[in-house]
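Take a look at the structure below.
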Amino acid sequence: MKVQTKRFGEISISNQDVIEFPQGIPGFSGKKRFVLLKEGDGPFYWLQSLDDPSLAFVVTNPLFFAPDYRIKLHRDQLKDIDLTDLANGEVWVFVSIRREPFRVTINLQAPILVNRVTGLAKQVLLPPEEYPLQYEILRAEKEEVAS
Amino acid sequence: MLVLARKVGESVIIGDSIEITIVDLRGDVVRLGIKAPVDVPVYRKEIYEQIVRENLASSDVDLSLEELGNIIPTPPDKKK
C-alpha cells in the first residue's frame, strides 16, 4: 500500500503494519489508521496517520524511561481490541516537547495499547493517581546569567 | 443544552445503548452510573481535555527523530 506522508513523502507499507484505532485518538477522532515509522537510531518512533499525511505523533517504549512502568487494566478494556493473550500486546506512550524551558515528557497516564496480531489499538486512560500525564525525560538546564 | 430533572435512582437513556443513572447525591457532588458500549469511551471532561492537550503536543514536534534521539539516546542497557 502506498501512503503519503508530510515528512517522508510517499512510502510503501504492508497491510500487516497498519495499526487501527477503532475509537480514534482523543482530539483526533476521525483519524483511525496509523503506522509506526522509525527515523534514526534513537528510542523514538513516528505514529504516522494514514488518513492525514501531516499528522504524526512521537511515541516511545515507556520501559526505556520508566523501567518499573506496569499498567493494570480490566478485561473489558481489552475486549474492543480483541486482546485476550497479553503476550500479543504492546505498549507505547506519547512524547511531548515543550520550549522555554526545553522539556521532553512522556504521557504515562494515557498509554497506547496495540494488539500486534490484529493491529487494533486504543489509547487507554489509567487512574490519574497512578502515573503522571507529563513524566519528564529531559529538562534543559537553566542558562547561568552572568552577574 | 437539554436540561432534565432526575431523582436519585432515576436514569436517562441516550440513543439505544447509553444509560446514565443518578446513583447518589451528597452535598454538591452527584454520583453518576454510566452504562455504555465498550466502544464508547467515557471520561471525566477535565481529564479528557488534558489528554487531548498532551496528544496535540505530541503531534506538534518540529525536530526530526534523529535530532531528538541525539538529545535523548536509547538508554545503553535497553539497546537490542
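Ellipsoid semi-axes for segment A:11-90, based on the Cα gyration tensor and the rule √(5λ), read 22, 19, 13 Å when sorted largest first. Among the GluC sites (Glu not before Pro) in segment A:72-147, those placed in a DSSP loop whose Cβ has at most 13 other Cβ atoms within 10 Å are A:Glu129, A:Glu130, A:Glu141, A:Glu143, A:Glu144. Using only the alpha-carbon atoms, how far is helix B:45-58 inclined from the longest principal axis of chain B? Give it as 0 to 90 degrees, nearest 10. For B:45-58 against chain B, the angle is about 20 degrees. Under a 5 Å amide H cut-off, with hydrogens placed 1.01 Å from N, A:Glu39 pairs with A:Trp46 among residues at least 5 apart or on other chains. Taking a ≥ b ≥ c as the square roots of the Cα gyration tensor eigenvalues, chain A comes out oblate, since a/c reaches at least 1.5 and a/b does not exceed b/c. Couplings 3J(HN,Hα) for segment A:120-131, derived from phi with the Karplus relation 6.51 cos²θ - 1.76 cosθ + 1.60 (θ = phi - 60°), are 7, 8, 7, 8, 9, 10, 8, x, x, 7, 7, 9 Hz, where x marks Gly and Pro. Counting every other Cβ atom within 10 Å of each residue's Cβ, A:Leu63, B:Leu32, A:Leu47 order from fewest to most as B:Leu32, A:Leu63, A:Leu47. Sorting A:Asp68, A:Asp80 from the fewest to the most surrounding beta carbons within 10 angstrom yields A:Asp68, A:Asp80. The amide H of A:Ile25, built 1.01 Å from its N in the peptide plane, has A:Lys31 as neighbours under 5 Å, considering only residues 5 or more places off or on other chains. Taking the alpha-carbon centroid of each part, what is the distance from segment B:39-80 to segment A:69-144 in angstrom? Result: 8 Å between the Cα centres. Projected onto planes of every orientation and averaged, the convex hull of the alpha-carbon atoms in chain B covers 10.6 nm². In order along segment A:87-97, phi translates into HN-Hα couplings of 5, 8, x, 9, 10, 10, 10, 6, 10, 10, 10 Hz, rounded to whole numbers, per the Karplus curve 6.51 cos²θ - 1.76 cosθ + 1.60 with θ = phi - 60° and x for Gly and Pro.
Take the Cβ-Cβ distance between A:Glu136 and A:Arg7 as r, set R0 to 25 Å, and report the resulting FRET efficiency rounded to the nearest 0.05. Efficiency, from the Cβ-Cβ distance: 0.45.
What does the charge count near B:Leu32 come to, summing +1 for each Lys or Arg and -1 for each Asp or Glu among other residues with Cβ under 13 Å from its Cβ?
Here the count lands on +3.
Of the two radii for segment A:50-105, the radius of gyration is 1.07 times the Kirkwood radius, both from the alpha carbons; that is the Rg over Rh value. Within segment B:1-66, the trypsin sites (Lys or Arg not before Pro) that combine a DSSP coil assignment with at most 10 other C-beta atoms in a 10 angstrom radius are B:Lys7, B:Arg44.
Here, each number is a calculation from the coordinates, and none is a lab measurement. Since we're looking at a predicted model, the values are computed, not measured. Virtual Cβ from ideal backbone geometry, glycine too; neighbours counted across all protein chains shown.
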